[in-house]
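*Asks:* Next up is a structure, given as structure tokens.
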Amino acid sequence: MAVFVALGAFLMTLAGGWTAQRVTDRRHLVLGLAGGLMLGVVGLDLLPEALQAAGGEVFGVPAALLLFVAGFLLAHLVERLLAARQASHGGEESNGRAPEVGLTAAAAMVGHSAMDGVAIGAAFQVGGGMGAAVALAVVAHDFADGFNTYTITSLYGNARRRALTMLFADAAAPVVGAASTAFVSIPEGLLGGYLGLFGGVLLYLAAAEILPEAHHEHPARSTLLCTIAGVLFIWLVVGLAG
């Protein structure tokens, strides 16, 4: 059953990527929506789960929040290092962005989608009701995952072929993750730490890259409305799953 549900996540991820690809003539709206989706996922989904799963504190601060900040700084460091290395070798960037950053971020999305599949499998092991609730959340927000994976990869100047490759990898990841639960079990604390770290990475990409790019050439009210719509969509998904 877990693998069957994960196939639904596979299709929703592809649908999200297809949507991002088809509306390239409205790129600022796509980026505005992607930024809102990512902000919603971080603030309304990843961080609450991370704080609940990794409940320990380090010097008075929840471990999940420390890893969240570490993820933000890590994303910033990786982007700067890759951009500096490419510039020193005379390579060209896309609007000042290193394509490797887009691939790295998309790879992180793939890893997150695999963990979604693991969550589905673990929830069905607990019980059918728990499995159905988790499956609803995962399948619904995998549309956003596919949308963001394709958008991030393309934003950093990667070819369409690479963006599609990362999209298909992201779509297949939940299926692989769900199937793996028959053999392995991930400790809750480790999962919480991962969610915190990944949340920091996503917040950096949304706040420092995607949203500024969305408003760079088209500072329109419609772009802002798309961002708000992305946040509200994730809120709706989290509310229905709860």
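*Asks:* Filter the stretch 226-242 down to the residues that are at pLDDT below 85, over 16 Å from Phe147 (Cα atoms) and in a helix (DSSP H, G or I) and list them by number.
*Replies:* Across the stretch 226-242, the qualifying residues are Val238, Gly239, Leu240, Ala241.
*Asks:* Which condition number does Val61 fail, the rest of (1) open to solvent by 20 Å² or more (accessible area, probe 1.4 Å); (2) modelled with pLDDT under 90 being met?
*Replies:* Here Val61 meets the rest and fails (2).
*Asks:* Got a number for residues in the stretch 39-82 being small (Gly, Ala, Ser), on the phi < 0 side of the Ramachandran plot and more than 16 Å from the chain's Cα centre (by Cα)?
*Replies:* Within the stretch 39-82, residues that are small (Gly, Ala, Ser), on the phi < 0 side of the Ramachandran plot and more than 16 Å from the chain's Cα centre (by Cα) number 7.
*Asks:* Given Leu164, Leu195, Leu202, which one is open to solvent by 30 Å² or more (accessible area, probe 1.4 Å) and within 30 Å of Arg80 (Cβ to Cβ)?
*Replies:* Leu164
*Asks:* Which of the residues that make up the stretch 73-99 are in contact with a Leu (Cβ under 9 Å, 6 or more places away or on another chain), open to solvent by 60 Å² or more (accessible area, probe 1.4 Å) and modelled with pLDDT under 80?
*Replies:* Residue satisfying the conditions is Asn95 alone.
*Asks:* Okay, next question. Kindly indicate whether Phe124 is open to solvent by 10 Å² or more (accessible area, probe 1.4 Å) and at pLDDT 65 or above.
*Replies:* Yes; evaluated as a whole, the condition is true for this residue.
*Asks:* Okay, next question. Go over the candidates Thr153, Thr223, Thr149 one by one and state the one that is over 18 Å from the mean Cα position of the chain (by Cα), buried (at least 18 other Cβ atoms within 10 Å of the Cβ) and either assigned to a helix (DSSP H, G or I) or in contact (Cβ under 8 Å) with a residue 24 or more places away in the chain (or both).
*Replies:* Thr223
*Asks:* Which of the numbered conditions does Gly35 fail, given that it passes all the others? Conditions: (1) modelled with pLDDT under 85; (2) within 13 Å of the chain's Cα centre (by Cα).
*Replies:* Result: Gly35 fails condition (1) only.
*Asks:* Let me ask you something else. Would you be able to say whether some residue in the stretch 16-23 is surrounded by 24 or more Cβ atoms within 10 Å (Cβ to Cβ) and in contact with a Leu (Cβ under 7 Å, 6 or more places away or on another chain)?
*Replies:* yes
*Asks:* Taking interchain pairs and intrachain pairs at least six residues apart, which have beta carbon atoms under 8 angstrom, with the first residue in the stretch 64-81 and acidic (Asp, Glu) and the second modelled with pLDDT under 85 and not in a helix (DSSP H, G or I)?
*Replies:* Final answer for the pair search is Glu79/Arg97; Glu79/Ala98.
The values are calculated or read from the model by the stated rules, or taken from the named source; none is laboratory data. Keep in mind it's a predicted model, so treat the numbers as computed, not measured. Note: ideal-geometry Cβ built from the backbone for every residue, glycine included; neighbour counts use all protein chains shown. The area values use the complete protein model at the heavy-atom level, side chains included, leaving out ligands, DNA and RNA. Shrake-Rupley method; radii C 1.70, N 1.55, O 1.52, S 1.80 Å.
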